[in-house]
Amino acid sequence: MLTLTLLIVTTTESRIPRISLRFLAQQQGIWIGAAVSAQPLKNDAHYQEVLAREFNILTPENAMKFKTVHPERLRYDFTKADAIISFAKTHNMQVRGHTLVWYKSNPDWLNKSNFTREQLLDILQEHIYTVVSHFRGKLVSWDVVNEAITPEGKMGGSLWQKVIGSEYIELAFRWAHEKDPQAGLFYNDVSGEGLGQKSDAIYNLVKDLRQRGVPLDGVGFQMHLNLKSPPKPQDVAKNIERLAELGLEVHITEMDVEINTGIGTRKERLAAQASIYSQMLQVCQEAPNCKAFVLWGFTDRHTWLRQSPDDPEAPLIFDQFYRPKPAYKALIKTLQQNN
Ligand code: 9MR
């Protein structure tokens, strides 16, 4: 039995090429990942093959959101998320949970309600207890609270904030920790990678939570970037460092780089995109507390960004036909150089 297990492990591992993102990243103790869309994962063999070959951590793009797993007040549905977890297990990959509390992607039964504060606290607690317990032991981390802060650095106007008040944030972390004490618990947000108003507000929030003993392990930098105004690598490095001083990890959680806002030919824009990917990976590699580098998809065939027919958006590292783009090659090179 032992011999058989060893044989299976060896076979799975030996299918991973030595020049692949996951092989190189693993040697450096960093996870490299992608968000996964449930549909192509089910019926596109090419999608499955590239995903399993290149990445060692996955994030369900939508399959764990409130609306998907808790579509009716008294009904939960984990079918899509479970399929992603089973794929990850087969291919020896980790999974990040995304996300427990957000202002978006909530079901109508919640949005269109007039629940009191007490009722909403019960609903949120029950949701977190049920979802976190279902996945207990299967996830490396959870994005517990997503995008709670506005671009100006104020608390956002989510249903949770309006009815419960800011306390919903710490309660969410405490409830998640109760049900899965092993999972790393993250606050995840957009446009807070460099230095500025937004990242200061995130820093102040997580500092306060840490000081008060709330179980928070890290901050997710979404990294939805464009060619016009990417953050300065040295600012991202400083931001990661100040979070390290609070004892926090950083995961790059949703990276993609839009090219339609840039100038120059398509070839030039793809080269500029490659260099942004490479710079951000290098910053993460050089920071001891940056443990994961996850993209929001991997192929331009499946991206949340609008596709215009005359100049299609191409924010990821493989093209529509799963061919590696300059950005893929730049990431490989960055991993090789820093090995
Ligand atoms: O890519 C996701 C898209 O398919 C969904 O329609 C949308 C709403 O649920 O969410 C997108 O993912 C977002 C992520 O969950 C949080 N950060 C921003 C991402 C892009 O909008």
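The values are calculated or read from the model by the stated rules, or taken from the named source; none is laboratory data. On a predicted model such as this, the values are computed, not experimentally measured, just so you know. Cβ atoms come from the backbone with ideal geometry, glycine included; neighbour counts cover every protein chain shown. Accessible surface is based on the protein model in full, side chains and every heavy atom, while ligands, DNA and RNA are left aside. Shrake-Rupley method; radii C 1.70, N 1.55, O 1.52, S 1.80 Å.
Observations
- Candidate set: region 56-77, residues that are open to solvent by less than 10 Å² (accessible area, probe 1.4 Å) and of a type outside the set (S, T, N, Q); chosen: the one farthest from the ligand (Cβ to nearest atom): I57
- Filtering A314, A292 for residues that are in contact with a strand residue (DSSP E or B) (Cβ under 7 Å, 6 or more places away or on another chain) and either open to solvent by 10 Å² or more (accessible area, probe 1.4 Å) or within 16 Å of the ligand (Cβ to nearest atom) (or both) leaves a single hit, A292.
- Search result, residues across region 33-55 that are open to solvent by 10 Å² or more (accessible area, probe 1.4 Å), within 19 Å of S20 (Cβ to Cβ) and not charged (D, E, K, R): L41, A45, H46, Q48, A52
- Filter result (more than 21 Å from the chain's Cα centre (by Cα) and either within 15 Å of Y328 (Cβ to Cβ) or of a type in the set (D, E, K, R) (or both)) within region 239-271: E245, R266, K267, E268, R269, L270, A271
- Lone qualifier among E178, E249 - being over 27 Å from A327 (Cβ atoms) and either at pLDDT 95 or above or open to solvent by 30 Å² or more (accessible area, probe 1.4 Å) (or both): E178
- Flag if Q337 is within 16 Å of the ligand (Cβ to nearest atom), open to solvent by 20 Å² or more (accessible area, probe 1.4 Å) and modelled with pLDDT under 95: no
- N114, sole failed condition from (1) on the phi > 0 side of the Ramachandran plot; (2) at pLDDT below 95: (1)
- Residue satisfying all of: in region 81-114; within 14 Å of the ligand (Cβ to nearest atom) and in a loop (DSSP other than H, G, I, E, B); nearest to the chain's Cα centre (by Cα) among these: W102
- Test: residue in region 272-280 that is among the aromatic types (F, W, Y) and open to solvent by less than 10 Å² (accessible area, probe 1.4 Å): yes
- Scope region 114-132; condition within 16 Å of L171 (Cα to Cα), touching a residue at least 12 places away in the same chain (Cβ under 8 Å) and open to solvent by less than 70 Å² (accessible area, probe 1.4 Å); matching residues: L120, L121, I123, L124, Q125, H127, I128, Y129, T130, V131, V132
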